[in-house]
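Structure record follows, encoded as structure tokens.
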Amino acid sequence: MKTKITLVLAFIGMITLNSCTVNEDRVVNDNDTISEVFELKNINFNFNSTDGYTIYRAFTPQIFASDVVLIYRLSGTIDSNTPIWQQIPRTLFLPEGELDYDFDFSKEDFTIYAGGTYNLALTPSYINNETFRIVIVPGFFSNKGSKSVDYSDYNAVIKAYNIDDSSVKVLN
């Protein structure tokens, strides 16, 4: 009889121990949740007959397939400390015609395009010495509630994703 009671207690003990869980509060290095900002400063668009005016850069290292890229063009300044960032895609209506800035991206690279309804060489100030900010927003954030962000507002994006843009890395 003692053996049966011992076996039953051992069986109950095993079930109890197997059903226990441990809450570990350890921090895991989660590299895919880092937002970043890069800058292309005073850069000229390159021209080729197939794609028109473009700026191409590869991501080194590659970004995650779930990440999102936002690109902003420096359209002016209020003063030396207050830049005006304009999200692209963007259409500018100029006396010469329409000028469009657009871009595409993959996890490996991105391309910024300038096109229009006229010969862009007539307005070199819109294709030479341009400055762009490239913001990488991890796809991880899309699962974190319905936080609404005005993506057209560079400063709102920087604030929403806790990005420190005081030392933006300049890409060549």
Exercise. Among the residues of region 48-64 satisfying the criterion of being in a strand (DSSP E or B) and in contact (Cβ under 8 Å) with a residue 24 or more places away in the chain, which is farthest from GLY76 (Cα to Cα)?
Worked result: ALA58
Problem set entry | ILE84 vs. criteria touching a Ser or Thr at 6+ places or on another chain (Cβ under 8 Å), among the hydrophobic types (A, V, I, L, M, F, W, C) and in contact (Cβ under 8 Å) with a residue 40 or more places away in the chain | no
Exercise. Within region 39-51, can you find the residues that are surrounded by fewer than 16 Cβ atoms within 10 Å (Cβ to Cβ) and not basic (Lys, Arg)?
Worked result: ASN42, ASN44, ASN46, PHE47, ASN48, SER49, THR50, ASP51
For this session: Filter region 138-172 down to residues that are of a type in the set (Phe, Trp, Tyr) and within 23 Å of LEU40 (Cα to Cα) and give me whichever is modelled with the highest pLDDT.
Result: TYR154
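The values are calculated or read from the model by the stated rules, or taken from the named source; none is laboratory data. These figures come from a predicted structure and were not determined experimentally. When we count neighbours, we look across all protein chains shown, and the Cβ atoms used for this are built from the backbone with ideal geometry, even at glycine.
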